[in-house]
Amino acid sequence: MKKYILNLLVFSAILSAQTSPTIYWVDGTNGNDNSAGTTEATAWKTVHKVFQESRFKQTVVDTVKVKAGTYDFEDAEIYTYSSYDFVLIGVEGSSKTIFDAGNKNRHMSIGSGQSNKTKIQGITFQNGFTNYWPGGGSVYLTYGSDVQFIDCVWKNNSTIYNDGGGAVHIRDESTPTFTSCVFEGNYVKRVDDFPSSGDTNGGTSYGGAVRIMSANNKTDLENAVIFKKTTFINNYAHAKYASYGGAISSDRSLTVENCLFVKNY
């Protein structure tokens, strides 16, 4: 009997180890992408290292802890490769953890159906840009991705694509939430001499900060994208013929609670 109990305890310990969450560390100053990445002392150097393969597990929510610093996202947009949930957190907050795309590309495309267990917290996304479909200068959410954004900042992101969303573009049954976030100085700008190739909207722009596209079904229409304690300042939409939503343009339900809108146009 004692032997049986011991074997059972060993088996339980092994099972627990296999299903426990993993914490990954990123340190832009002292990290090394050839390190293990699973302790603060063996941190990786780039955030991209975490997403280069499907590291996250189906049964638990792994966490990526990013230390303070400015991280280079030029020519290096991150794509999620599986639907498994994760937490991405700037451990010293958004004022000290900055993802800078240098006006070259988006920061992230999240299109694998992450649930609301996925959280992105304490990150500043700045200088993102795209001229590609469907817009979204910094973050593009699609295919039912319901990410929670907490204490994040979007600053000086833009797109010239007509579907809009200077900072964030949301579509295809995605229902994210934004809590204690800031959108500042993001914009959609359709210049008068925009090339005819790809210009299907005759110079119309939507959503200087956020664009939420039309619903695919009744449930999608009624599931509200939520903004709480979030600030929108100096965002704008510009076009030759028509512009909609200096801060937010939405064709779906919204909950906007205790938010501040200043000088959006």
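One table, with the values for the structure above:
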quantity	calculated
Net charge of neighbours whose Cβ lies under 9 Å from the Cβ of GLY135, counting Lys and Arg as +1 and Asp and Glu as -1	0
In order through the range 33-48: 3J(HN,Hα) via Karplus (6.51 cos²θ - 1.76 cosθ + 1.60), integer Hz, x for Gly, Pro	5, 8, 7, 6, x, 9, 9, 4, 6, 10, 4, 7, 8, 10, 5, 4
Cut-off under 5 Å, modelled amide H: who pairs with THR97 long-range	GLY69, THR124
Cut-off 14 Å between beta-carbons: net charge of the residues surrounding VAL182, Lys and Arg +1, Asp and Glu -1	+2
Between the range 14-88 and the range 106-185, the Cα center-to-center distance that results, in Å	19 Å
Helix-only mean residue ellipticity at 222 nm for the chain, each DSSP H run of n ≥ 4 adding -39500 (n - 2.57), per residue, nearest 500	-3000 deg cm²/dmol
Shape metrics for the chain, restricted to C-alpha atoms - Rg then Dmax, Å	20.2, 83
Placed amide H near TYR206: partners under 5 Å, 5+ positions off or other chain	GLY164, GLY165, TYR244
With Cα atoms, 0 to 90° folded angle of helix 2-19 axis to the chain main axis	20 degrees
Amide H partners (placed H, <5 Å) of PHE86, local residues excluded	THR118, LYS119
Extension gain, ASN217 back to GLU74 (0.36 nm per residue minus Cα-Cα distance, nm)	47.9 nm
Local electrostatic count at TYR24 - Lys and Arg +1, Asp and Glu -1, tallied over other residues with Cβ under 13 Å	+1
Which listed pairs, of LYS104/LYS229; LYS189/LYS218; LYS45/LYS228; LYS45/LYS104, have C-alpha distances above 25 Å, in listed order	LYS104/LYS229; LYS189/LYS218; LYS45/LYS228
Most mobile listed residue (GLY102, GLY208, GLY246) in the chain, GNM with C-alpha springs under 10 Å	GLY102
Normalised alpha carbon radius of gyration of the range 75-144 [divisor 2.2 N^0.38 Å]	1.11
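Here, each number is a calculation from the coordinates, and none is a lab measurement. In this text, all values refer to a predicted model and were calculated from it rather than measured experimentally. FYI the Cβ positions are ideal-geometry reconstructions off the backbone, even for glycines, and counts take in every protein chain you see.
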